[in-house]
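Everything on this sheet refers to the single structure shown next.
The values are calculated or read from the model by the stated rules, or taken from the named source; none is laboratory data. Source: prediction; values computed, not measured. Cβ: placed from backbone, ideal geometry, glycine included. Neighbour counts: every protein chain shown. For the accessible areas, the whole protein counts, side chains as well, though only heavy atoms, and no ligand, DNA or RNA atoms are used. Shrake-Rupley method; radii C 1.70, N 1.55, O 1.52, S 1.80 Å.
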There are 2 protein chains.
Amino acid sequence: MVSSGDVNGARVYSPTGDHLGNVDHLMIDKQSGRVAYAVMSFGGFLGIGADHTPLPWGKLRYDVQLDGYVTDITKEQLEAAPAVPEDWQRDRTWGQTAHDHYGVAPYWM
Amino acid sequence: MVSSGDVNGARVYSPTGDHLGNVDHLMIDKQSGRVAYAVMSFGGFLGIGADHTPLPWGKLRYDVQLDGYVTDITKEQLEAAPAVPEDWQRDRTWGQTAHDHYGVAPYWM
(Lines give C-alpha, C1' and ligand atoms only; values in the text may rest on other atoms or scores of the structure.)
Protein backbone atom coordinates (compact mmCIF):
# COMPACT_ATOMS: atom_id res chain seq x y z
CA MET A 1 0.00 0.00 0.00
CA VAL A 2 1.04 3.56 -0.50
CA SER A 3 0.26 6.73 1.36
CA SER A 4 -1.73 9.33 -0.53
CA GLY A 5 1.35 11.48 -0.05
CA ASP A 6 3.85 9.03 -1.46
CA VAL A 7 2.00 8.40 -4.74
CA ASN A 8 2.78 11.96 -5.68
CA GLY A 9 5.94 11.82 -7.72
CA ALA A 10 5.76 8.09 -8.48
CA ARG A 11 7.45 7.21 -11.75
CA VAL A 12 5.48 6.03 -14.80
CA TYR A 13 7.00 3.77 -17.43
CA SER A 14 6.15 2.52 -20.90
CA PRO A 15 5.64 -1.24 -21.40
CA THR A 16 9.28 -1.39 -22.57
CA GLY A 17 10.55 0.29 -19.42
CA ASP A 18 11.10 3.85 -20.63
CA HIS A 19 10.51 6.49 -17.98
CA LEU A 20 7.64 8.54 -19.40
CA GLY A 21 6.87 10.91 -16.58
CA ASN A 22 5.64 11.13 -13.03
CA VAL A 23 2.39 11.12 -11.16
CA ASP A 24 1.86 14.63 -9.87
CA HIS A 25 -1.18 13.73 -7.77
CA LEU A 26 -4.24 11.53 -7.85
CA MET A 27 -7.84 12.63 -8.14
CA ILE A 28 -10.12 10.60 -5.92
CA ASP A 29 -13.87 10.33 -6.38
CA LYS A 30 -15.02 11.46 -2.92
CA GLN A 31 -18.17 9.42 -2.74
CA SER A 32 -16.89 6.05 -3.97
CA GLY A 33 -13.35 6.42 -2.66
CA ARG A 34 -11.99 5.20 -5.96
CA VAL A 35 -8.98 6.74 -7.60
CA ALA A 36 -10.33 8.33 -10.79
CA TYR A 37 -7.36 10.01 -12.48
CA ALA A 38 -3.63 10.19 -12.18
CA VAL A 39 -2.63 13.73 -13.04
CA MET A 40 0.63 13.23 -14.86
CA SER A 41 3.58 15.48 -15.29
CA PHE A 42 5.45 14.55 -18.44
CA GLY A 43 8.18 17.15 -18.31
CA GLY A 44 8.05 17.60 -22.03
CA PHE A 45 9.26 14.06 -22.74
CA LEU A 46 6.24 13.21 -24.85
CA GLY A 47 6.16 16.55 -26.59
CA ILE A 48 3.19 17.90 -24.72
CA GLY A 49 5.14 20.30 -22.53
CA ALA A 50 5.27 20.11 -18.79
CA ASP A 51 1.53 20.48 -18.48
CA HIS A 52 -0.40 18.36 -16.08
CA THR A 53 -2.52 15.83 -17.90
CA PRO A 54 -5.25 13.74 -16.27
CA LEU A 55 -5.10 10.11 -17.34
CA PRO A 56 -7.68 7.48 -16.44
CA TRP A 57 -6.32 5.61 -13.44
CA GLY A 58 -7.34 2.32 -15.08
CA LYS A 59 -4.58 2.86 -17.66
CA LEU A 60 -1.87 2.65 -15.02
CA ARG A 61 -0.76 -0.65 -13.59
CA TYR A 62 1.53 -0.91 -10.60
CA ASP A 63 4.69 -2.93 -11.25
CA VAL A 64 6.32 -4.33 -8.14
CA GLN A 65 9.76 -4.76 -9.73
CA LEU A 66 9.89 -1.23 -11.15
CA ASP A 67 8.27 0.18 -7.99
CA GLY A 68 6.35 2.40 -10.33
CA TYR A 69 3.46 2.40 -12.73
CA VAL A 70 3.32 1.15 -16.30
CA THR A 71 0.98 2.49 -18.98
CA ASP A 72 0.52 1.49 -22.60
CA ILE A 73 -0.74 4.94 -23.55
CA THR A 74 1.18 6.13 -26.61
CA LYS A 75 2.41 9.57 -27.64
CA GLU A 76 -0.07 9.41 -30.52
CA GLN A 77 -2.95 8.79 -28.10
CA LEU A 78 -1.86 11.69 -25.94
CA GLU A 79 -1.57 14.05 -28.91
CA ALA A 80 -5.01 13.05 -30.20
CA ALA A 81 -6.64 13.20 -26.76
CA PRO A 82 -9.77 15.32 -26.33
CA ALA A 83 -8.93 18.79 -25.01
CA VAL A 84 -9.12 19.01 -21.25
CA PRO A 85 -11.69 21.62 -20.19
CA GLU A 86 -11.04 23.80 -17.17
CA ASP A 87 -13.79 22.05 -15.19
CA TRP A 88 -12.75 18.55 -16.26
CA GLN A 89 -13.18 17.26 -12.72
CA ARG A 90 -16.92 17.83 -12.91
CA ASP A 91 -17.39 17.30 -16.65
CA ARG A 92 -18.74 13.78 -16.95
CA THR A 93 -19.16 14.18 -20.73
CA TRP A 94 -15.44 14.93 -21.11
CA GLY A 95 -14.72 12.08 -18.72
CA GLN A 96 -16.67 9.61 -20.83
CA THR A 97 -14.99 10.88 -24.02
CA ALA A 98 -11.53 10.64 -22.46
CA HIS A 99 -12.11 7.09 -21.19
CA ASP A 100 -13.44 6.10 -24.61
CA HIS A 101 -10.36 7.65 -26.23
CA TYR A 102 -7.98 5.62 -24.08
CA GLY A 103 -10.16 2.51 -24.32
CA VAL A 104 -10.76 1.95 -20.64
CA ALA A 105 -13.91 1.67 -18.52
CA PRO A 106 -14.72 4.83 -16.53
CA TYR A 107 -14.08 4.76 -12.80
CA TRP A 108 -17.78 5.31 -12.15
CA MET A 109 -18.81 2.12 -13.95
CA MET B 1 -13.44 14.87 -6.73
CA VAL B 2 -10.58 15.64 -4.43
CA SER B 3 -6.87 15.72 -4.94
CA SER B 4 -4.84 13.16 -3.05
CA GLY B 5 -3.27 16.17 -1.40
CA ASP B 6 -6.49 17.83 -0.31
CA VAL B 7 -7.95 14.76 1.45
CA ASN B 8 -5.20 15.12 3.99
CA GLY B 9 -6.69 17.14 6.81
CA ALA B 10 -10.33 16.62 5.81
CA ARG B 11 -12.68 16.75 8.79
CA VAL B 12 -14.53 13.69 10.06
CA TYR B 13 -17.85 13.95 11.86
CA SER B 14 -20.13 11.71 13.89
CA PRO B 15 -23.63 10.99 12.53
CA THR B 16 -24.90 13.80 14.80
CA GLY B 17 -22.42 16.29 13.35
CA ASP B 18 -19.74 16.34 16.07
CA HIS B 19 -16.23 16.93 14.76
CA LEU B 20 -14.39 13.76 15.72
CA GLY B 21 -11.03 14.27 14.11
CA ASN B 22 -9.26 14.63 10.80
CA VAL B 23 -7.96 12.47 8.04
CA ASP B 24 -4.19 12.55 8.25
CA HIS B 25 -3.67 10.67 4.99
CA LEU B 26 -5.12 7.83 2.98
CA MET B 27 -3.57 4.46 2.33
CA ILE B 28 -4.15 3.29 -1.21
CA ASP B 29 -3.87 -0.30 -2.35
CA LYS B 30 -1.35 0.13 -5.16
CA GLN B 31 -2.53 -2.69 -7.35
CA SER B 32 -6.30 -2.08 -7.27
CA GLY B 33 -6.15 1.68 -6.87
CA ARG B 34 -8.74 1.52 -4.13
CA VAL B 35 -8.50 3.58 -1.01
CA ALA B 36 -8.01 1.04 1.79
CA TYR B 37 -7.68 3.04 5.01
CA ALA B 38 -8.08 6.57 6.23
CA VAL B 39 -5.38 7.15 8.80
CA MET B 40 -7.12 9.34 11.32
CA SER B 41 -5.77 11.87 13.72
CA PHE B 42 -8.17 12.24 16.63
CA GLY B 43 -6.27 14.81 18.62
CA GLY B 44 -7.26 13.17 21.86
CA PHE B 45 -10.96 13.92 21.39
CA LEU B 46 -11.98 10.29 21.66
CA GLY B 47 -9.60 9.54 24.48
CA ILE B 48 -7.10 7.65 22.37
CA GLY B 49 -4.46 10.35 22.33
CA ALA B 50 -3.23 12.03 19.20
CA ASP B 51 -2.10 8.76 17.71
CA HIS B 52 -2.74 7.98 14.11
CA THR B 53 -5.32 5.25 13.75
CA PRO B 54 -6.09 3.43 10.49
CA LEU B 55 -9.82 3.07 9.92
CA PRO B 56 -11.39 1.07 7.10
CA TRP B 57 -12.21 3.55 4.35
CA GLY B 58 -15.62 1.89 3.95
CA LYS B 59 -16.63 3.30 7.33
CA LEU B 60 -16.30 6.88 6.08
CA ARG B 61 -18.98 8.46 3.93
CA TYR B 62 -18.52 11.78 2.22
CA ASP B 63 -21.17 14.36 3.10
CA VAL B 64 -21.59 17.13 0.56
CA GLN B 65 -23.22 19.57 2.98
CA LEU B 66 -20.58 19.14 5.67
CA ASP B 67 -17.81 19.01 3.04
CA GLY B 68 -16.30 16.30 5.17
CA TYR B 69 -16.68 12.67 6.07
CA VAL B 70 -19.13 11.03 8.45
CA THR B 71 -18.48 7.81 10.36
CA ASP B 72 -20.67 5.89 12.76
CA ILE B 73 -17.67 4.37 14.51
CA THR B 74 -18.10 4.86 18.26
CA LYS B 75 -15.61 5.60 21.00
CA GLU B 76 -16.35 2.13 22.41
CA GLN B 77 -15.48 0.51 19.06
CA LEU B 78 -12.23 2.44 18.89
CA GLU B 79 -11.26 1.49 22.44
CA ALA B 80 -12.02 -2.18 21.81
CA ALA B 81 -10.28 -2.23 18.43
CA PRO B 82 -7.62 -4.86 17.77
CA ALA B 83 -4.13 -3.51 18.46
CA VAL B 84 -2.46 -2.10 15.37
CA PRO B 85 0.77 -3.97 14.64
CA GLU B 86 3.75 -2.10 13.29
CA ASP B 87 3.44 -3.78 9.91
CA TRP B 88 -0.34 -3.34 9.70
CA GLN B 89 -0.09 -2.25 6.07
CA ARG B 90 1.05 -5.71 5.07
CA ASP B 91 -0.76 -7.71 7.76
CA ARG B 92 -3.82 -9.11 6.03
CA THR B 93 -4.80 -11.05 9.17
CA TRP B 94 -4.95 -7.83 11.18
CA GLY B 95 -6.78 -6.20 8.27
CA GLN B 96 -9.45 -8.88 8.26
CA THR B 97 -9.82 -8.69 12.05
CA ALA B 98 -10.10 -4.90 11.95
CA HIS B 99 -12.71 -4.93 9.20
CA ASP B 100 -14.68 -7.58 11.11
CA HIS B 101 -14.45 -5.46 14.26
CA TYR B 102 -15.91 -2.41 12.51
CA GLY B 103 -18.42 -4.52 10.60
CA VAL B 104 -17.43 -3.54 7.08
CA ALA B 105 -16.32 -5.50 4.03
CA PRO B 106 -12.55 -5.38 3.41
CA TYR B 107 -11.32 -3.24 0.54
CA TRP B 108 -9.90 -6.33 -1.15
CA MET B 109 -13.31 -8.03 -1.38
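Rounded to the nearest 500, the helix-only mean residue ellipticity at 222 nm of chain A stands at -4000 deg cm²/dmol, with each DSSP H run of n ≥ 4 adding -39,500 (n - 2.57).
What shape does the protein assembly as shown take by its C-alpha gyration tensor, where a ≥ b ≥ c are the square roots of the eigenvalues and a/c under 1.5 counts as rounded, a/b above b/c as prolate, and the rest as oblate? It comes out prolate by the Cα gyration axes. Neighbours of A:V35, meaning other residues whose beta-carbon lies under 12 angstrom from its beta-carbon, give a summed charge of +3 when Lys and Arg score +1 and Asp and Glu score -1.
In order along the stretch B:51-62, phi translates into HN-Hα couplings of 4, 8, 10, x, 10, x, 4, x, 8, 10, 10, 6 Hz, rounded to whole numbers, per the Karplus curve 6.51 cos²θ - 1.76 cosθ + 1.60 with θ = phi - 60° and x for Gly and Pro. Sequence-distant contacts, meaning Cα pairs under 8 Å at least 6 residues apart, place the relative contact order of chain A at 20 percent.
Based on protein heavy atoms only, chain B ends up with 50 Å² per residue of surface accessible to a 1.4 Å probe.
Close amide H pairs (under 5 Å, H built 1.01 Å from N) link A:D91 with no residue at least 5 positions away or on another chain.
In order along the stretch A:12-23, phi translates into HN-Hα couplings of 10, 10, 7, x, 9, x, 6, 7, 8, x, 9, 6 Hz, rounded to whole numbers, per the Karplus curve 6.51 cos²θ - 1.76 cosθ + 1.60 with θ = phi - 60° and x for Gly and Pro.
Shown for the stretch A:1-17: residues covered by the partner protein chains by 20 Å² or more of accessible area relative to the chain by itself (probe radius 1.4 Å), namely A:M1, A:V2, A:S3, A:S4.
Rounded, prolate or oblate for chain A? Axes are the square roots of the Cα gyration tensor eigenvalues, ordered a ≥ b ≥ c, and the cut-off for rounded is a/c under 1.5. It is oblate, given that a/c is not under 1.5 and a/b is not larger than b/c. The portion of the accessible surface of the protein assembly as shown made up by carbon and sulfur, rounded to a whole percent, is 45 (1.4 Å probe; DNA, RNA and ligands excluded). Close amide H pairs (under 5 Å, H built 1.01 Å from N) link B:G68 with B:D63, residues at least 5 positions away or on another chain. If the segment from A:Q65 to A:A105 were pulled out straight at 0.36 nm per residue, it would be longer than the present Cα-Cα gap by 11.8 nm.
In this label model, B:S32 and B:D18 are separated by 3.2 nm, measuring between points 7 Å along each Cα→Cβ vector.
Taking amide hydrogens as placed 1.01 Å from N in the peptide plane, the amide H of A:M40 sits under 5 Å from those of A:D24, A:T53, A:L55, each at least 5 positions away in sequence or on another chain.
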